[in-house]
Structure formats: structure tokens, C-alpha cells
Amino acid sequence: MPEIPTESPRTGVIHDLGYRRYDGPREGSATIARTLFTTGLRHAYGLGRSGKSKVMPFLLLAMSVLPATIVVGVLVLTPATSLPVSYADYTNQTQLLVSLFAASQAPVLFSRDLRHRSIVLYLARPLGATAFALVRWLSMTVALWAFTLVPTLLLFVGALLAGLDTSDQVTGMLKAVVLQAGLAALVAGITGLISSVSLRRGFAVVGSVMALIVLTGVVTAVQAISASEDADSASVAVGLASPWSLYSGLADAWDAGITTQVPVDGAWVPVYVLVALLLGAGCLLGLVARFQKVGSR
Amino acid sequence: MHTGGLPVITTAGLTKHYGTVHALTDLTVEVGAGVTGLVGANGAGKSTLIKILLGLLEPTGGHASVLGHDIEHGGQEIRRVVGYMPEHDCLPPDVSASDFVVHMARMSGLGSSAARERAADVLRHVGLDEERYRPMGGYSTGMKQRAKLAQALAHDPQLVFLDEPTNGLDPAARTDMLRLVQRIGSDFGIAVLVTSHLLGELEQVSDHVIVLDGGHLLRSSATGDFLQRTGSLLVEVIGTETERDRLGEALAQRGLTCRPRGPMVSIDPPPPELALEGAAHDLIRDVAAELGLGLMRLQPDRGHLEDVFLEEGATRA
């Protein structure tokens, strides 16, 4: 270690300033939370991390944008009166990519700090465990929302270029964007909770894939069987079990361009909304409890 | 210095029980500016105390305040102006120390450019040079400890908690780290509460020592008081144990009570006729000369922090 003089020189010749105190401004918790949010959002896409970690998120994003690009190309070149796929349904059709993005990136935001124990360093700073958990969840939600928003906006621009009816397109697009935000919040909560509990990245990814992709597959299968057996309410009820079927059910009820096998209507609509809210709130509470528990160890 | 003469930390009857485990019992201490050592065996309650003071753990009973903020209500205010270096590994392996310290400074409320400037400064002070740009996963234990220390200092705190900063370091790195701890307390003007289970280390660097044993306060006083002269003398002569014993026997014949201690002869406080300033020293010199032994060392014996455990432990039992 270099020898450092104990007194700062006052003669004007600067060789070494010694230790300098900081008496500049210190931001409040809101600004700190915003910094944490932005960093988390960037990290979800591998920005500010190693080059390798950018591959997965951007590959998935490219794959989810590709069909939209093709649709736009066809739309502009050939005369058409409507989009071949609605905005909300496009997200539904590419759900595998959205789920994979969530499963692969949630561990970045929710496992890393716990596994490497850097959470201790965060919690020894102004933001508490609750705020930390909520900000992380918000980063993941916005990352997922952006993931679905990019192809949606691409389709929208294509539709306008192709001269489709503007007011129809705006309505469809805005409905989809609202539904996507809810979906992102739910999926971020579920994958976040799974990643914060199973700290091994592999387990977290597999757990999230089970919860999102496998469960949704099972739900869709059961829904189809119930519908073909004319057990309509069973078919709608099973749809409460997965975030994706909640999304498509609510899109169906709201006339946002997805048609479920059995229409979600009447008293089922508030039930769908309620279950979605409870699921989201439950995941958030679980996340907060998890971070508080780890923080006090 | 920010703190002036006021106590940096005060606790009153601080107690923490985990079920039947009593991590801290009725702890009342005051910590001032400078370096304060917190000594105790593993499980003595050192880390628990730090976590309570940071507001990360709620005490079962009692009160404490840090830099004038009450721990019950002022946790956030405390964490804004306090740095913490945990005992265990807490660094993400895929981030460079430079990026990490900048991020941690921002998490303490510094703006982007201030955080960059401070991180560069602090990393230089802890002695991380070119390696600061490498991912921390490849660091040696010594480098990791430095990076952990850097993040604790990044926001220029008024007080730092250093939990076992010398853990896992080799003797040279240990000395470096201790010198750094001392400089933080004196040159940087940041109050330091440093824990260790090695008493000898804290003897060297701290102004004040608090000794915990099984969650109880054993003793809290200035380091000098622990190391008072005991009145005994230590003598070492060139040669082996044979020479040592020859000297010891000769001195015993002259009326001094001697006992071997390692390669040295320990002489109990001399009797009244030899207690006069320098009389015992003269006698030892003369005896060594008569025996033809080369006198290597003649020094007053001092107490050791270890003795506190023996003495006060015995009193308590």
C-alpha cells in the first residue's frame, strides 16, 4: 500500500490529498429507490452486466418481435381491413417467450442478492427490506411489460401505416397495454417469489417454467376438455389457476381480441379480477416477508 | 470530526433473546470517537449487537442510540450515516469492485458523479489498484475484505461497523488491514467499532475496548487500562533454556521471585529493598554480567487483554 501523508497539504502542491470527506448532497429514499429501480430494469436485460448475460433477454425479445415484423410487412404490402392477430392475442400467442423471459431473468433480480448475501449490504443502507422487495418487483414488472410492449407498438405502427381504422386500433392497443401491465405484475410476482425462495438459478428457472408454462398447459388442456364435455362453468373456473388463463379470460371479458373456449361473462368477471388481484397481492406479501426474513439474519 | 466529544453509540439495558438463546443480556455501554474494539469469542453477541444498532434486528428489551438517533425510530437515519462491513462473504462474483462500490455509494444516497469519485478515492485508500476492474469472483480473501471495506466507506459515513475485518487473512494482510482500521479512526476521522475474537489484534489498534462474554458485558475501558504495567519484569538472555535457568536461579538467590515464561524469565514485582527506581534493573544487569550471559531484553511486563477473561471470568463465576 502506498504511504499516504496523514495531513492534507495546504501549500497548493497536490501530491496526495489524503482522505477527503464528502459533504455534498445526500439523496432521500425516493431517489435511492428510483436508482435501484433503474439498475434493476437494466439488469433484467443484461445491460450493465457481462456481455454473455445480454444474449438470453435480447434473443427472446428478437424472437417475440419477429412474427410482428412479418405481420407488419405483409400488412403494408397487401390490402387488409384488420390485423390478422389482435394486440392482446399476439402476447397470448407468444406466451412461451414471455414466460421464458420471466423465468430466466427473475433470478437476476431476486436470487443474486440473496445467494451472494449482498442483500445485507443493501439493508444496511437507507432502503428497508420492504422497499427493496417492492422496487425489485417493480423493475421486473416493467421489464416484462416492456417485453410485451415492443411487439405491440410495432404492430400498432404497422397497422397505422397500412391505413387501418385508427380509432379501432387505438382502442385495441390500449386495452392490450393495460392487460399486459396486469399480466406483467402477476408474472413478475410469481417468478420473483419462486426465485427468492430457490436460490439456485437452475431451480428457480425450472420452478418458474413449471409455474408458468407447464401449469398453463395443464389448465388449457383441462379447459378444452371441460368445454367439449359441455361443463362450461368448470372450464371457466379452471382458468383461475394460471396467470395466462386469467389474462386471456379477462381479455375475452373485456372484448380485447381474445376468444376463450367458453366466454368469461356475468359473475365470472369480478371473480377473475378478484383472483388476479389476490394472486398479485399474495406474491408481493410473500416477497416482502421473504426479504424481511433474510434481512434479519 | 463530526462527532465531537459526544458518545457515538450508547446502549442501556440492551437485551436480545432468540427463544431460549440469550444473545445479549442487559448491555449498557458507551462508545466514543476513535477506534473501539468489540472483543468476544464466537457467539458472544458481537454481530447481534451490530445488527441491532443498524436497526436490522429488534432488541427484546432496552434502548440504544447511534449518532444521536434512536434505533427504534431512527433506523433509516442511522443507516444513512453509518457504514457496515459484514463478517461473511457478501460480494456478487460477476461484478467488478469499481462498479459495485459505485452502486453501493448510490444506494446510500450519493449522486452518480459523486459516487464515482468517492468509489475511486476509497478503493485507492483500501489498496485495490488495477484489480478493481476485474470481477470480484476471482479475488483473493484479502482483496475481498478490502472491497467489503471500500463499500462500507463509500458514502463517507460518520461511523463504521467492521465485523471481523481480519477474518481469513494471512499475517501480512492482517497487519495491513489493522493499520487501515487504525487510519480510519485517526486520519479519516470516522468512528470505528471493530469486532474480533483475537484480543491481541485489537490491543494494537483500538483506543477503547469492550469485552463481551456470552452476551454479557465483561469490561469496557480504554485500551491503556488493559495494558497497564503489572510491576513485573521480563528478562531474556542469549542462549537456550540452560542459560535462562542459570540466570533465574542466580536471581532467585538474590531475593527475586522468578519463573520461566517461554524463552524469558519473568520476575514478580521486586521486594521493597529492591523496589527503588532502577535497583532491580541494576541487579539483573550485574548478575548477568557475573554469569557471563548476554542480556538481550529487559522490559516491564504489561497486562494482556486475555487476562480480562481470566480475572473477570473468575470473579463472575
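Listed by chain and number, the lysines whose alpha-carbon sits under 27 Å from that of B:K144, ignoring those within fewer than 8 places in the same chain, are A:K52, A:K54, A:K293, B:K46, B:K51.
Put a plus charge on the Cβ of each Lys and Arg, a minus charge on the Cβ of each Asp and Glu, and nothing anywhere else: the dipole of region B:231-303 about its Cα centre is then about 200 debye.
Toward the positive end of the charge dipole of the protein assembly as shown, with +1 on the Cβ of Lys and Arg and -1 on the Cβ of Asp and Glu, the farthest Cα among B:S112, B:A289, B:H73 is that of B:S112. Shown in residue order for region B:234-244 are the 3J(HN,Hα) couplings computed by the Karplus curve 6.51 cos²θ - 1.76 cosθ + 1.60 at θ = phi - 60°: 10, 10, 9, 10, 5, x, 9, 5, 4, 5, 4 Hz (x for Gly and Pro). Which one, A:T91, A:V236, A:V187, projects farthest toward the positive side of the charge dipole computed for region A:29-295 from Cβ point charges (K/R +1, D/E -1)? Farthest along the dipole direction, towards plus: A:V187.
Comparing A:G207, A:G24, A:G282 in a Gaussian network model of chain A (Cα springs below 10 Å), the most mobile by mean-square fluctuation is A:G24.
The mean number of Cβ atoms from other chains found within 10 Å of a Cβ in peptide A:34-40 is 2, as a whole number. Residues whose amide H lies under 5 Å from that of B:V160, counting only those 5 or more places away or on a different chain, are B:G83, B:A191, B:V192, B:L193; hydrogens are built 1.01 Å from N in the peptide plane. Classify region A:127-248 as rounded, prolate or oblate, taking a ≥ b ≥ c as the square roots of the eigenvalues of its Cα gyration tensor: rounded when a/c is under 1.5, otherwise prolate if a/b is larger than b/c and oblate if not. Oblate shape, in that a/c is at least 1.5 and b/c is the bigger or equal ratio. Amide H to amide H, with H built 1.01 Å from N, B:L218 comes under 5 Å of B:V211, B:L212, B:D213, counting only residues 5 or more places away or on other chains. Close amide H pairs (under 5 Å, H built 1.01 Å from N) link B:V8 with B:V31, B:G32, B:A33, residues at least 5 positions away or on another chain. Largest GNM mean-square fluctuation across B:V192, B:V287, B:V81, computed for chain B with C-alpha springs under 10 Å, falls on B:V287.
Taking the Cα centre of the protein assembly as shown as origin, work out the dipole magnitude from +1 charges on Lys and Arg Cβ and -1 charges on Asp and Glu Cβ, in debye rounded to 20.
Rounded to the nearest 20 debye, it is 1300 debye.
Extending 7 Å from Cα along the Cβ direction at A:M56 and again at A:D165 yields two label points whose distance is 4.4 nm.
Can you pull the percent of Cα pairs in the protein assembly as shown with separation above 35 Å?
55 percent
The convex hull defined by the C-alpha atoms of region B:104-225 has an orientation-averaged projected area of 8.6 nm².
When only Cα pairs below 8 angstrom with a gap of at least 6 residues are kept, chain A shows a relative contact order of 22 percent.
Would you mind giving the three semi-axes, in whole Å and largest first, of the ellipsoid equivalent to chain A according to its Cα gyration tensor?
Each semi-axis is the square root of five times an eigenvalue, giving 44, 25, 16 Å.
In the protein assembly as shown, a dipole from Cβ-located charges (positive for Lys and Arg, negative for Asp and Glu) runs towards its positive end, and of A:S53, A:G73, B:P92 it is A:G73 whose Cα lies farthest in that direction. Net charge dipole, region B:79-188: roughly 260 debye, given to the nearest 20, about the Cα centre with Cβ charges of +1 for Lys and Arg and -1 for Asp and Glu.
Residue by residue, region B:91-97 carries 3J(HN,Hα) couplings of 10, x, x, 9, 10, 7, 4 Hz when phi is fed to the Karplus relation 6.51 cos²θ - 1.76 cosθ + 1.60 (θ = phi - 60°); x denotes Gly or Pro.
Working note: Karplus 6.51/-1.76/1.60 with θ = phi - 60° gives region A:213-219 the couplings 8, 5, 4, 5, x, 4, 4 Hz, where Gly and Pro are set to x.
Each of the peptides A:249-259, A:182-192, A:61-71 was scored by the mean count of other Cβ atoms within 10 Å over its residues; in descending order, highest first, they stand as A:182-192, A:249-259, A:61-71. Taken over the Cα atoms of region B:161-219, the convex hull encloses 85 Å³ per residue.
Please give me, ordered by residue number, the trypsin sites (Lys or Arg not before Pro) of region B:231-270 that lie in loop per DSSP and have at most 15 other Cβ atoms within 10 Å.
Passing sites in region B:231-270 are B:R254.
Note on chain B: Rg/Rh from C-alpha atoms, Kirkwood Rh, equals 1.08.
Since every read-out is calculated from the coordinates, none of them should be taken as a lab result. All figures in this text were calculated on a predicted structure; none of them were measured in a lab. Backbone-built Cβ (ideal geometry, glycine too); neighbour counts: all protein chains shown.
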